[in-house]
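Q: Before I ask anything, here is the structure I am working with.
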Amino acid sequence: MFKFLHAADIHLDSPLKGLEQYDGAPVDEIRSATRRALENLVELAIDREVDFVLIAGDLYDGAWKDYDTGLYFVSQVVKLRDARILTYIISGNHDAENRMTRSLRLPENPNNTKIMLSSRNVDTIVLENLGVAIHGRGFGSPRVSENVAAGYPIRREGLFNIGLLHTSLDSESDGEHARYAPCRIADLCQKQYEYWALGHIHTRAIRNEDPLIVFPGNLQGRHIRETGAKGCMLVSVDDGGDASVEFVPLDVFRWEQCRVNANGLETVDEILIQFTSRISQLAEEHDGIPLAVRVFVEGATAVHNHLLADRRHWTNQLRAAALDAAGGRVWIEKVKLSTRLPSTPGESTVASGPIRELLRYCSELHADDEQVLELAKELDDLRRKLPDELRRDNEALALDDPNWLREILADVQPLLVKRLQEKTQP
């Protein structure tokens, strides 16, 4: 019987995006999150007395400013070595972006084997005392389009075979994860290994049961698209060679979404009460781990115009309510107000004068792709002048995206109506 940890996509010292720009955000927790998650991985390995730790690529996050990131990782590997725990790593696409990654010498394992497997061909490490063969290949290029799995050897007979691979598997590029070393589940099954330890996709998933083909997800969520608990897989193999997999959360800062149904609510206070209840529930579900939450207020409510006309004020009201309800352990990353006015059959709601013209124009824009694209062309000059961070960030200003423009128009319309009403009132 033996045990090992399967982790991937640590992205050590990668910044957590979306919070540091706000006053009062938990900056220290944000900046140290990936390091503390790695420390938790090392402590788990020692506490559970595992035999080895596998890291399936993207240990780092591209170029370092200096060697501090790499030296910090070495200090953690030394802790594992001192505990007589083996470590095996393959480089992923983000590791391949950094020359210093390749030049920094890592310590050897307690059994004198190398920690970092080859990036030129498939390495096979045989652990005779455990009856294990680990097959893996890292990458020297940030772009790998061929099926690397095809070059892995057939299983070693009489051993528990593990394939260590950084791959998108059969997934297409989704904007966050590039199509990388793609292959099919059938390609992996053909090698007859007992376990495939994959990396690259940040969402935890067991893609196949026999053999086990597993993505552990990343160790620490870094932005709002990486929600929920993050950690590693603890794999236990019995004397008969049967493996069981247990997910162990290791993250120290977590991302979540909170949806508030405003349907039928008549006052902002009612919305705040429902929001506070949901935030308290989220804090309890995550057992006190600090949360960054994106809030969606949705539905038909009488206070729709009121909310959107003073978005900044109500966003900060929600932030204050979250801090109060969760004892400062929840921070609001962003508030998306997606409410609308309730329809009232039989009641005349047709505006007159400039307000009616504005509503007519907005309605036409929303329904006509050609008009939205014309608006996008009008904004093209502005788009070219935007700094890179506003065009390429996770929350980029997509001035050439019709659907993004529709969302912005929906937000702006109540504000314009309110301004016109103020101007036309005697």
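The values are calculated or read from the model by the stated rules, or taken from the named source; none is laboratory data. Values in this document were obtained by computation on a predicted structure and should not be read as measured data. Every residue, glycine as well, gets a Cβ built from its backbone with ideal geometry; the counts of neighbours run over all protein chains shown.
Yes/no per residue for (1) among the aliphatic types (A, V, I, L, M); (2) in contact (Cβ under 8 Å) with a residue 40 or more places away in the chain; (3) more than 24 Å from V122 (Cα to Cα):
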| position | (1), (2), (3) |
| --- | --- |
| A150 | yes, no, no |
| G163 | no, no, no |
| D170 | no, no, no |
| C183 | no, no, no |
| A197 | yes, yes, no |
| H200 | no, yes, no |
| N208 | no, no, no |
| D238 | no, yes, yes |
| L250 | yes, yes, yes |
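Q: Go over the candidates T167, T124, T69, T101 one by one and state the one that is hydroxyl-bearing (S, T, Y) and at pLDDT 95 or above.
A: So the residue among T167, T124, T69, T101 that is hydroxyl-bearing (S, T, Y) and at pLDDT 95 or above is T124.
Q: Of the residues that make up the range 266-288, is at least one aliphatic (A, V, I, L, M), surrounded by 16 or more Cβ atoms within 10 Å (Cβ to Cβ) and assigned to a loop (DSSP other than H, G, I, E, B)?
A: No, every residue in the range 266-288 fails to be aliphatic (A, V, I, L, M), surrounded by 16 or more Cβ atoms within 10 Å (Cβ to Cβ) and assigned to a loop (DSSP other than H, G, I, E, B).
Q: Would you point out the residue of the range 87-98, among those that are modelled with pLDDT of 85 or more and in contact with a helix residue (DSSP H, G or I) (Cβ under 8 Å, 6 or more places away or on another chain), that is surrounded by the fewest Cβ atoms within 10 Å (Cβ to Cβ)?
A: Out of the qualifying residues, it is T87.
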